[in-house]
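Beneath this line is the structure, given in structure tokens, with notes to follow.
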Amino acid sequence: MTEKEELVIKARNGDNLAFQILIEDEQDALYRFAFIYVRNETDAIDIYQQTVCKALTSIHTLKEPAYFSSWLTRILINVAIAFLNKRNKTVLIEQTDLEKIEDPNQPKVEEQMDLLQVLGELDDKYKTVLLLRYYQDYQVKQIAEMLNCPEGTVKTNIRRGLKVLKNALKGAYVYD
Amino acid sequence: MIKNNSFKEKINEIPVPREKLKEVLRIEALSKVYHQKTHDVTALKNINCTIHKGEMVAIMGTSGSGKSTLLNMISAIDEPTNGQLYLSGKRAKDIYKEPYASTYRKENIGFIFQSFQLLKDLSVEDNIALPLILNDVPQAEIAKKVKWMMEKLGISDWREHRPIELSGGQQQRVAIARAIITNPPILLADEPTGALDFNTTKEIMQLLVRLKEEKDQSILLVTHDPYVATYANRILFFHDGEIVDEYIMTQTDSDLDQILAKFKLITRGEA
């Protein structure tokens, strides 16, 4: 058993200090993940804090200590999406929207769009899988389990999300 | 395929506001006005304050200064007229209607009172377990958590006793265990030592400090006792519905004198 798994077991038994240590390790990644969804500090802080709160009160439901990080990330995704649905601020940029932007009859946009901006404006389903795959390094199988959907759906959403990024960022972050 | 680590690096450029992440309670421009038949009563005026994880903040003020009203706002017993209140990132404004208010309280607030408020027909162990039962925690987990908590607070020997068989200090220990067993972000303590003698007061306040430090527990403590207030990290002085002064503890001998002086000013209405 790893040191982290031992901490998870202690946290599950009520050891708040063990829980704090676990959260501190994940803090930066969790906050940044939240920030990509809401694109402002205040809301990202709120999502982070709600996530930690939910995790603290429901850690007894975590069966496998080894899955603490993915369990925590799943809570954050649910909190973020619920937050956005409530605030009704989800902005969709699908590929078709980008094709309109790149209409040859319109003046070309000279300045490259920023990765964070484009990522933040992606549909939630693309944003989520790209963050899980390329920011937190989860494999497709793990992502499918976390999101409770087929692996094929995960792969499709990764592919589509990457295509949108590639078109918007003109190859800055994505290989052809 | 994402190029190298550029994706990750770009996201890692997002700055993390570590201090703000430690905020547990944030109150912004909070006010409460009660509309009576002939006139309005402003119980709270433009309250702004923040409490962080592991911080104990004391509130001192005369009767009618707004202390209890503030606790009622935080615990969603009553609804503010204006302003915002965030507890662990959740906007409290969204939960003032039942049944949401009860759920919010159950999940986020621990309470301890001057009169302990233990259930007289339940044992110590069952009193402590009650919030976990109300939160639908499985029985096996309840047993583990209650055992851990009783050991941590040194009250295992009394597990089968009824509250009436315990002293005031012992009852307050049990009440504290019950209040924090669900790990609420904030513990509201309303004159927790009001019914206790000096030595027991010291014992209970030392316990709260230990919780603050070991569990990172945030505590908002209402007290009229300047000695009790010295255990806090800082003190907010209320008068006539407003925060009129603040004192940050220096951990020196002058703290008690400073608190006494400031408290005298507000009781004389000179704040």
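If you take the beta carbon distance between residue B:28 and residue A:123 as r and set R0 to 30 Å, what does 1/(1 + (r/R0)^6) give as a FRET efficiency, to the nearest 0.05? Working from the Cβ atoms, E equals 0.40.
In this structure the protein assembly as shown gives 48 Å² per residue of accessible area when probed at 1.4 Å with all protein chains present. The distance between label points at residue B:165 and residue B:35 comes to 5.4 nm (points 7 Å beyond Cα on the Cα→Cβ vector). Computed over protein heavy atoms with a 1.4 Å probe, the carbon and sulfur contribution to the accessible area of the protein assembly as shown reaches 48%.
Among the GluC sites (Glu not before Pro) in region B:230-271, those located in a DSSP loop and surrounded by at most 11 other Cβ atoms within 10 Å of their own Cβ are B:270.
About the centre of its Cα atoms, chain B shows a dipole size close to 800 debye [charges on the beta carbon of Lys, Arg (+1) and Asp, Glu (-1) only; nearest 20 debye].
A simple count of charges around residue B:193, restricted to other residues whose Cβ falls under 10 Å of its Cβ and scoring Lys, Arg +1 and Asp, Glu -1, yields -3.
The string of couplings for region B:126-131 from the Karplus curve (6.51, -1.76, 1.60, θ = phi - 60°) is 6, 4, 5, 6, 3, x Hz, one whole number per residue in order, with x for Gly and Pro. The Cα atoms of region A:3-96 define a convex hull whose projected area, averaged across directions, is 6.8 nm². Rounded to the nearest 100, the interface formed by chains A and B buries 4000 square angstrom of accessible surface, both chains summed, with a 1.4 Å probe. GNM remark for chain B: springs join alpha carbons under 10 Å apart, and the peak mean-square fluctuation among B:40, B:78, B:245 falls on B:40. Taking chymotrypsin sites (Phe, Trp or Tyr not before Pro) across region B:70-143, the ones in a DSSP loop with at most 16 further Cβ atoms lying within 10 angstrom of their Cβ are B:96. Where a ≥ b ≥ c are the square roots of the eigenvalues of the C-alpha gyration tensor, would you call region B:133-197 rounded, which needs a/c under 1.5, or, failing that, prolate if a/b is larger than b/c, or oblate? Oblate is the answer for region B:133-197, as a/c is 1.5 or above yet b/c matches or exceeds a/b.
With R₀ set to 22 Å, the beta-carbon distance separating residue A:21 from residue A:1 gives a calculated FRET efficiency near 0.90. Helices in the protein assembly as shown, meaning DSSP H runs of at least 4 residues, each add -39500 (n - 2.57). Divided by all residues, the mean residue ellipticity at 222 nm is -15000 deg cm²/dmol.
Under 5 Å between amide H atoms, partner at least 5 residues away or on a different chain: which partners does residue B:242 have, H built in plane at 1.01 Å? Here B:45 satisfy the definition.
Which of the three applies to chain B, rounded, prolate or oblate, going by the alpha-carbon gyration tensor with a ≥ b ≥ c and a/c under 1.5 meaning rounded?
Verdict is rounded for chain B.
Site pair residue A:140 and residue B:135 shows an inter-label distance of 4.0 nm when each label is modelled 7 Å from Cα along Cα→Cβ. Summarising the amide proton neighbourhood of residue B:56: residues at separation of 5 or more, or on other chains, whose placed amide H is nearer than 5 Å comprise B:219, B:233, B:234. Legend: calculated FRET efficiency, residue A:82 to residue A:153, from the Cβ-Cβ distance at R0 = 25 Å, rounded to 0.05, equals 0.75.
The values are calculated or read from the model by the stated rules, or taken from the named source; none is laboratory data. If you're wondering where the values come from, they're calculated on a predicted model, not measured in any experiment. Cβ: placed from backbone, ideal geometry, glycine included. Neighbour counts: every protein chain shown. Just the protein is used for accessible areas: all its heavy atoms, side chains included, with ligands, DNA and RNA removed. Shrake-Rupley method; radii C 1.70, N 1.55, O 1.52, S 1.80 Å.
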